[in-house]
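A short write-up of the structure that comes next.
The values are calculated or read from the model by the stated rules, or taken from the named source; none is laboratory data. If you're wondering where the values come from, they're calculated on a predicted model, not measured in any experiment. Glycine also receives a Cβ, built like all others from the backbone with ideal geometry; neighbour counts cover every protein chain displayed.
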Amino acid sequence: MVPPTETATRPARKRKTRGEGQWALGYREPLNANERSKKDDNPLNVRQRIETIYAHRGFDSIDPADLRGRFRWWGLYTQRAPGIPGARTGTIEPEELDDRYFMMRVRIDGGALTTEQLRTIGEVSQTYARDTADITDRQNVQLHWVRVEDVPTIWQKLEGVGLSTTEACGDCPRVVLGSPVAGIAADEIIDATPAIEQIREKFIGDRSLSNLPRKFKSAISGSPRWDTVPEINDIALVGVVHPEHGPGFDLWVGGGLSTNPKLAVRLGAWVPLDEVAEVWHAVVQIFRDYGYRRLRHRARLKFLVNDWGPEKFRQVLEDEYLGRELVDGPAPETPTEARDHIGVHPQKDGNFYVGVKSPAGRVSGSTLVEVAKAAERAGSRRVRTTVEQNLLVLDVPESEVDTLVADLAGLGLQADPSPWRRSVMACTGIEFCKLAIVETKERAIALVHDLEERLADIQGDIDNPVTINLNGCPNACARTQVADIGLKGQMVPDGNGNQVEGFQVHLGGGLGLDAGFGRKIRGHKVTSAELGDYVERLVRRYLEQRTEGERFAQ
Ligand code: SF4
């Protein structure tokens, strides 16, 4: 293992003409603005300034380097000032875009919540966040309209029930995705919960990992359904049975979307449950020490993995960080089952879990409080979030299932949604995100209603829901390139010579059996207003022309 303080003494290897900012190779200067800010002060230190200074003196007292940089390590971003059109995004000064309020991301590792925790998030939202709450496609919950004055009290309430916002954003290990049905699913290969808990307890908030080149995304699931989108995480541990050693995990690295999408690659190594945290820690350290820091757009782990290849990556992992060889292991089988856990399903203990669809992730604090109450009335104390922006209630006795399903439907959360409701996701978009070019959430919700009416006659013919992911800009937070219909927000011509909000279309992306990135179809740019027409045309043509069993992505 190579702690950051020792890397400077490591003999520098043969220099290329120009380094990429890899610490382990001695390239520590020059620093770009982000690297400078992290070097000037460990970003985790900003919590103390929030508690002792900013919460008392208010928004105007906040140091800009904290406001637009270090606050993220505590799950805080300024939200977009209202009324600035998307066409101006990227052309104006940051302070013009900053609202005086914050988005706060609550970290939910493994998507695992008790009903008490869910109720607390809901109550915090009602009191301090204008009743806003979005379930993200990384199993977190985001609140909006948070004032810096209220942040310490919110932390106190969240931490009082075992929740936190620590490293929910920033160049650090973000939330660890986990199977929402870990420990209860009859088809589970192995329950990853102990490893996720160990990582959270030992390494989240660890200062030796709080200055990574960029964000680090993790997915650890023992479900055969690959329900943590392992293909597009920096590290993924995927449940697999080793013929000699039994159930464990296959190790993948280097996945990620955004502007240079890459699918994670297998290292061919099998990791037992009790070594997952150690191996995860070693991979994070490789990223810290060898990751590219010079150019921010090349700073994700996928670029290093791409340059090294899986063999070298595994070699460095074993030789320099673990000090031992990993066990070779088989590849897991590609899943054929739906990953989203929607509907009513039996658990292995005889109870049931109920998976419901939120409208493009948008709920409210009040809804979360009511979900907690409904779950408790049904005898449950456990709720889960999913990477499709869904909610699951676990441990429901059979006798309570129908009542719970009806209660949740009354809250707008359906266990038997239409194919369109089930398969539409949206990122935050222009309502709150400073990088956005177009509106997404309300557009997605309106699109669902529109498609339910337009395509009511063919609803029964949709055996594999067509996934539609709306993104407000090229950053692909709602996974543009791996949807059947991926929509990337941009300004487009409306036919009258005006530039209006719309989307560049990517078609035929997918994960699992159809893993691959959607093709950007040059001529397919659609205005937001015409989206319903466009999707209807596309889906009807697919149904007319498909061969038997052919999925949209094929
Ligand atoms: Fe914001 Fe773009 Fe991410 Fe959407 S995709 S949340 S607009 S950065």
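Some notes on this structure:
Rundown of residues vs (1) surrounded by fewer than 18 Cβ atoms within 10 Å (Cβ to Cβ); (2) at positive phi, yes/no style:
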{"site": "F313", "(1), (2)": "no, no"}
{"site": "P332", "(1), (2)": "no, no"}
{"site": "T336", "(1), (2)": "yes, no"}
{"site": "R339", "(1), (2)": "no, no"}
{"site": "G350", "(1), (2)": "yes, yes"}
{"site": "Y353", "(1), (2)": "no, no"}
{"site": "A360", "(1), (2)": "no, yes"}
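- Scanning the range 406-424 turns up at least one residue that is of a type outside the set (D, E) and within 16 Å of the ligand (Cβ to nearest atom).
- Looking across the range 476-491 at every residue that is within 10 Å of the ligand (Cβ to nearest atom) and closer than 14 Å to G86 by Cα, the one that is surrounded by the fewest Cβ atoms within 10 Å (Cβ to Cβ) is identified as K488.
- Residue that is at pLDDT below 95 and either on the phi < 0 side of the Ramachandran plot or out of contact with any strand residue (DSSP E or B) (no Cβ under 6 Å at 6 or more places or on another chain) (or both), where the choices are G86, G122: G86
- Any hit, the range 180-191, residues being over 23 Å from V393 (Cβ atoms) and in a loop (DSSP other than H, G, I, E, B): yes
- Scope the range 188-214; condition polar (S, T, N, Q) and farther than 15 Å from I286 by Cα; matching residues: T193, Q198
Here's the yes/no breakdown for (1) buried (at least 21 other Cβ atoms within 10 Å of the Cβ); (2) over 29 Å from P474 (Cα atoms):
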| residue | (1), (2) |
| --- | --- |
| P64 | no, no |
| G86 | yes, no |
| E93 | no, no |
| D98 | no, no |
| L118 | yes, yes |
| Q139 | yes, no |
| V151 | yes, yes |
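- Of the residues screened, I92 is one that is modelled with pLDDT under 95, among the hydrophobic types (A, V, I, L, M, F, W, C) and out of contact with any Asp or Glu (no Cβ under 6 Å at 6 or more places or on another chain).
- Which listed residue is assigned to a strand (DSSP E or B) and in contact (Cβ under 8 Å) with a residue 12 or more places away in the chain, from Q142, Q117, Q126: Q142
- Only residues that are touching a residue at least 24 places away in the same chain (Cβ under 8 Å) and part of a loop (DSSP other than H, G, I, E, B) were counted across the range 360-417, and they come to 14.
- Some residue of the range 492-511 being within 16 Å of the ligand (Cβ to nearest atom), in contact with a Phe, Trp or Tyr (Cβ under 9 Å, 6 or more places away or on another chain) and part of a loop (DSSP other than H, G, I, E, B): yes
- N471, sole failed condition from (1) over 21 Å from D137 (Cβ atoms); (2) without any contact (Cβ under 8 Å) to a residue 60 or more places away in the chain: (1)
- Residues of the range 437-448 that are in a loop (DSSP other than H, G, I, E, B) and either more than 10 Å from the ligand (Cβ to nearest atom) or crowded, with 24+ Cβ neighbours inside 10 Å (or both): I437, V438, T440.
- Scope the range 67-83; condition among the aliphatic types (A, V, I, L, M) and either modelled with pLDDT under 90 or farther than 21 Å from D41 by Cβ (or both); matching residues: A81
- Condition check for P230: more than 25 Å from C433 (Cβ to Cβ) and not small (G, A, S): yes
- Enumeration of residues in the range 223-263 that are part of a loop (DSSP other than H, G, I, E, B), surrounded by 24 or more Cβ atoms within 10 Å (Cβ to Cβ) and not hydroxyl-bearing (S, T, Y): D227, V229, N233, D234, G254, G255, L257
- Selection of first residues in the range 425-452 that are among the charged types (D, E, K, R) and of second residues that are near the ligand (Cβ under 10 Å from one of its atoms) and not in a loop (DSSP other than H, G, I, E, B), restricted to Cβ pairs under 6 Å at least 6 apart or on distinct chains, gives the following pairs, ordered by first then second residue: K434/R80; K441/A426.
- Residue satisfying all of: in the range 449-475; aliphatic (A, V, I, L, M) and buried (at least 24 other Cβ atoms within 10 Å of the Cβ); nearest to the ligand (Cβ to nearest atom) among these: L470
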